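Trainee: I have a structure I would like to understand better, so I am pasting it below and will then ask my questions one at a time.
The values are calculated or read from the model by the stated rules, or taken from the named source; none is laboratory data. All values derive from a computational prediction rather than experimental measurement. Every residue, glycine among them, receives a Cβ derived from its backbone with ideal geometry; neighbour counts consider all protein chains shown. These area figures cover heavy atoms from the full protein model, side chains too; ligands, DNA and RNA do not enter into them. Shrake-Rupley method; radii C 1.70, N 1.55, O 1.52, S 1.80 Å.
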Amino acid sequence: MIPFLFTSFLMGAVGRAATTIVTEIRRQFREIKGIMEGTGKPDYGRCVDIVTIAAQKEMIIPGLLAVLSPLIVGFIFGPVALGGLLIGVIISGLMLAIMMTTGGAAWDNAKKYIESGNLGGKRLPDGSRIPHMPAAVVGDTVGDPTKDTAGPAINPLIKVMNIVAILFAGLIVKYYILKALKKTNRTAVCFFDQYSESCLKISSPYLFISFYYETHPRIDSSTQEPCCTR
């Protein structure tokens, strides 16, 4: 469900940002004289501000969805449910991403296919529009955010959810096991608490080193060029 909810937020964000841009462009055509004639200068900065603010503002909810969903499932339902969530997100997200990228491209290119003269072209011999041209326009409008925004964004969604789950896996397992052990044996709780803290101290440097080598490629001293990363 999360990939579908995530992409729906993105599609809605694109629609709202596009509507704001259209309103702004109409305002400039109405208030700034000479734009169509080339004598007036449009306010490009205002349009850039609109899309920049919309990109930052509209990603708050999808970002929180990607970060908080594995934590909520892990701490409430346990590590097994968290594993099921990650597997489900990977499988369903992969299928949805393939469908959106290929389907959105097909919708987008259908309009170009008709405009290039296929299926009778854009208009009939009497000058009227062909019946399937409006449908192609709608497909082009929906296909652009589908293939350019929602489809590719599923990849970082899967990555962020898995990274958050890996970083908090120790705490989730510790919390879930301690909650079960508290009902049975207090000594086991103390032992497990000390053992988990030791494991966390030992694994933290390795986690940092792994992250460092993933983000900083090694430089070959002979060629001064980045070589393979670990």
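Trainee: So the check is Cβ under 6 Å with 6+ separation or different chains; which pairs have a first residue in segment 32-61 that's free of Cβ contacts under 8 Å to residues at least 12 places away in the same chain and a second one that's surrounded by 12 or more Cβ atoms within 10 Å (Cβ to Cβ) and assigned to a helix (DSSP H, G or I)?
Mentor: Ile35/Phe29
Trainee: Shifting gears a bit: Test Ile130 against the criterion of being modelled with pLDDT of 70 or more, over 30 Å from Met100 (Cβ atoms), surrounded by 14 or more Cβ atoms within 10 Å (Cβ to Cβ) and over 30 Å from the mean Cα position of the chain (by Cα), and give yes or no. Before you say what the answer is, go through the steps one by one.
Mentor: Numbers: modelled with pLDDT of 70 or more: yes; over 30 Å from Met100 (Cβ atoms): no; surrounded by 14 or more Cβ atoms within 10 Å (Cβ to Cβ): yes; over 30 Å from the mean Cα position of the chain (by Cα): yes.
No; evaluated as a whole, the condition is false for this residue.
Trainee: Kindly indicate whether any position in segment 68-79 is surrounded by 15 or more Cβ atoms within 10 Å (Cβ to Cβ) and without any contact (Cβ under 8 Å) to a residue 40 or more places away in the chain. Before the answer, list the steps.
Mentor: Narrowing segment 68-79 to residues surrounded by 15 or more Cβ atoms within 10 Å (Cβ to Cβ): 69-71, 73-75, 78-79.
When the remaining residues are screened for being without any contact (Cβ under 8 Å) to a residue 40 or more places away in the chain, the result is 73.
Yes - at least one qualifying residue is present in segment 68-79.
Trainee: Restricting attention to segment 158-204, report how many residues are closer than 17 Å to Ile72 by Cβ, open to solvent by 100 Å² or more (accessible area, probe 1.4 Å) and either among the aromatic types (Phe, Trp, Tyr) or modelled with pLDDT under 70 (or both).
Mentor: The qualifying residues number 1.
Trainee: Also, quick follow-up: Could you check, for segment 138-148, whether at least one of its residues is outside any helix (DSSP H, G or I), open to solvent by 50 Å² or more (accessible area, probe 1.4 Å) and touching a helix residue (DSSP H, G or I) at 6+ places or on another chain (Cβ under 9 Å)?
Mentor: Going residue by residue through segment 138-148, those that are outside any helix (DSSP H, G or I) are none.
No, there is no match, as no residue in segment 138-148 is outside any helix (DSSP H, G or I), open to solvent by 50 Å² or more (accessible area, probe 1.4 Å) and touching a helix residue (DSSP H, G or I) at 6+ places or on another chain (Cβ under 9 Å).
Trainee: Could you grab the pairs with beta carbons closer than 8 Å, sequence gap of 6+ or different chains, first residue in segment 153-177 and farther than 18 Å from Phe9 by Cα and free of Cβ contacts under 8 Å to residues at least 60 places away in the same chain, second one aromatic (Phe, Trp, Tyr) and in a helix (DSSP H, G or I)?
Mentor: Lys174/Phe192; Ile177/Phe192
Trainee: Of the numbered conditions (1) in a helix (DSSP H, G or I); (2) out of contact with any helix residue (DSSP H, G or I) (no Cβ under 9 Å at 6 or more places or on another chain); (3) of a type in the set (Lys, Arg), Lys33 satisfies every one except a single condition; which is it?
Mentor: (1)
Trainee: Out of the residues in segment 16-31 that are among the charged types (D, E, K, R) and without any contact (Cβ under 8 Å) to a residue 24 or more places away in the chain, which is least open to solvent (accessible area, probe 1.4 Å)? So that I can check it myself, show each step before the final result.
Mentor: Of segment 16-31, the ones among the charged types (D, E, K, R) are 16, 24, 26-27, 30-31.
Filter again for without any contact (Cβ under 8 Å) to a residue 24 or more places away in the chain, leaving 26-27, 30-31.
Values: Arg26: 159, Arg27: 70, Arg30: 146, Glu31: 108 Å².
The extreme case among them is Arg27.
Trainee: Answer yes if at least one residue in segment 48-59 is at pLDDT below 85, charged (D, E, K, R) and surrounded by 13 or more Cβ atoms within 10 Å (Cβ to Cβ), and no otherwise. Talk me through it step by step, then tell me what you get.
Mentor: Of the residues in segment 48-59, the ones at pLDDT below 85 are none.
Checking segment 48-59: not a single residue is at pLDDT below 85, charged (D, E, K, R) and surrounded by 13 or more Cβ atoms within 10 Å (Cβ to Cβ).
Trainee: Let me ask something else about it. Looking at segment 1-15 only, could you name the residues that are modelled with pLDDT under 90 and either open to solvent by 70 Å² or more (accessible area, probe 1.4 Å) or over 27 Å from Asn155 (Cα atoms) (or both)?
Mentor: Met1
Trainee: For segment 99-121, enumerate the residues that are in a loop (DSSP other than H, G, I, E, B) and at pLDDT 70 or above.
Mentor: First, pick out the residues of segment 99-121 that are in a loop (DSSP other than H, G, I, E, B): 116-117, 121.
Ser116, Gly117, listed by residue number.
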